[in-house]
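Notes for the one structure printed next.
The values are calculated or read from the model by the stated rules, or taken from the named source; none is laboratory data. Since the structure is predicted, the reported quantities are computational estimates derived from the model, not experimental observations. Neighbour counts run over all protein chains shown; Cβ positions are idealised from the backbone, glycine included.
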């Protein structure tokens, strides 16, 4: 009942809604669902003329590294590595 009310409210304001029903949830149907979303991403990217499956911001990040004089792939200090975060605190190697 609530789902139908939400769909009607979206439709009233000119918004699209999609309801997917799976016969059962298993590896096969989940794989089909992932493929559907991947195909939709590729299709939408083609409509907007963007590279859909490449690394997000990969080229722009490399160009910025070169402008800043940093070697490619070395975007600066990273958090969450072996010297930072809860693992480092737990191991007693926080620097």
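Evaluating residue 78 against the criteria (1) farther than 30 Å from residue 1 by Cβ; (2) assigned to a loop (DSSP other than H, G, I, E, B); (3) at pLDDT 70 or above leaves one unmet condition, (3).
Yes or no, residue by residue, for (1) at pLDDT 90 or above; (2) assigned to a helix (DSSP H, G or I); (3) more than 15 Å from the chain's Cα centre (by Cα):
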residue: 11; (1), (2), (3): yes, yes, yes
residue: 14; (1), (2), (3): yes, no, yes
residue: 19; (1), (2), (3): no, no, yes
residue: 25; (1), (2), (3): yes, no, yes
residue: 30; (1), (2), (3): yes, yes, yes
residue: 41; (1), (2), (3): no, yes, no
residue: 54; (1), (2), (3): no, no, no
residue: 62; (1), (2), (3): no, yes, yes
